[in-house]
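The values are calculated or read from the model by the stated rules, or taken from the named source; none is laboratory data. Values in this document were obtained by computation on a predicted structure and should not be read as measured data. Every residue, glycine as well, gets a Cβ built from its backbone with ideal geometry; the counts of neighbours run over all protein chains shown. These area figures cover heavy atoms from the full protein model, side chains too; ligands, DNA and RNA do not enter into them. Shrake-Rupley method; radii C 1.70, N 1.55, O 1.52, S 1.80 Å.
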Amino acid sequence: MEFETAENDGHLRESSSRKKRKRKESKTWMTTEEKKPTVSIAVAGSIIDNAQSLELATLLAGQVARAATIFRIDEVVVFDNRASSDVDTMVRTGHDGDESESGAEFLTMILRYLETPQYLRRRLFPMHKSLKFVGLLPPLDAPHHLRKHEWCSFREGVTLDVNPPNSKGTLVDVGLNKNVVIEEVLEPGKRITVAMGDNRGAEIDGFKKAVDSSSPRDQIGMYWGYKVRYCSNLSSVIRNCPYKGGYDHIIGTSEHGLVVSSSELKIPSFRHLLIVFGGLGGLEENIEEDNSLKGKDVHVVFNSYLNTCPHQGSRTIRTEEAIFISLQYFQEPIKRAEQLCNGK
């Protein structure tokens, strides 16, 4: 009987230990998830259609890219004004210019080009009519746009179609005087994030490791640029969210929205926040153009519908202007929501 009691006690202690460990692991996962919420913006590609020339369209796209980088946006979604589409079309990136290219497709290409470190652009972007004036744009100067003399524990690279000397794996151009080798065998022309290690002296030598592009953000808290996603309409922006569980709070911005001061705005704790900016006719028009949303009230589509630029002196505020104004407006409310999420 005593043996059974001891055995049962041991079993109970082991079971209790497992439960505590599971609770601890769960708590650790939740803490990691809560500490690193993402902020996405969605922008109607029709803002490009109002540009009077390719040069002005490029400058407009550059403003959107600068705003996203300055305010550390994790994802930029560009949506078209198509009535319906089960599958979002791929953005064309061929060598020859395409006169039928939509404003959304153009904006998507420019945003992707600017987010890419300069030393990778020639390998990843073939010549294209839409890129004719990108040289006029100010650089994003994002943390992952590293110079040759700058050291970082991560670097963006592109895989090369050259076998590494005297070893297996893949040769990768990471913007240094010497290419590095990763252990994985990957197809050429693929953009990857490379963990360079913690030893600055051994930056180039030895095998490196390809990691998830979110690793710099998750591991060392460094902003590592924005992802770009193209969607055929507004409903697909929400439906095809790449994050597990989707966006848990969606904010629409409009001159017809509720006026709340930034200091009084309360955003609930979130894991993935989405802020949406409409096109030339506003979000109301984008909803009516979308067969999946047509007829729905804005308060059904969005959790919050806000006017972030009240008392305007101009009859109109351009979307690229509204993005800068709104992202500044949301800074403190987002910070308070993150603190709430972290239990501070």
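One table, with the values for the structure above:
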item: Within region 111-195, strands (runs of 3 or more DSSP E) holding 1 or more residues that are open to solvent by 50 Å² or more (accessible area, probe 1.4 Å), within 21 Å of ALA61 (Cβ to Cβ) and in contact with a helix residue (DSSP H, G or I) (Cβ under 7 Å, 6 or more places away or on another chain); result: 191-195
item: Long-range neighbours under 6 Å by Cβ, at least six apart or interchain, first residue within 20 Å of ARG191 (Cα to Cα) and touching a residue at least 40 places away in the same chain (Cβ under 8 Å) within region 132-149, second open to solvent by 50 Å² or more (accessible area, probe 1.4 Å) and in a loop (DSSP other than H, G, I, E, B); result: PRO143/MET222
item: Criterion: over 20 Å from ILE70 (Cβ atoms) and in contact with an Asp or Glu (Cβ under 8 Å, 6 or more places away or on another chain) - qualifying residue of SER304, SER314, SER236; result: SER236
item: So PRO333, is it in a helix (DSSP H, G or I) and either among the small types (Gly, Ala, Ser) or within 25 Å of the chain's Cα centre (by Cα) (or both); result: yes
item: Residues within region 49-79 that are in contact with a strand residue (DSSP E or B) (Cβ under 9 Å, 6 or more places away or on another chain) and either at pLDDT below 95 or β-branched (Val, Ile, Thr) (or both), tallied; result: 5
item: Count of region 204-223 residues which are open to solvent by 20 Å² or more (accessible area, probe 1.4 Å), touching a Lys or Arg at 6+ places or on another chain (Cβ under 7 Å) and not acidic (Asp, Glu); result: 2
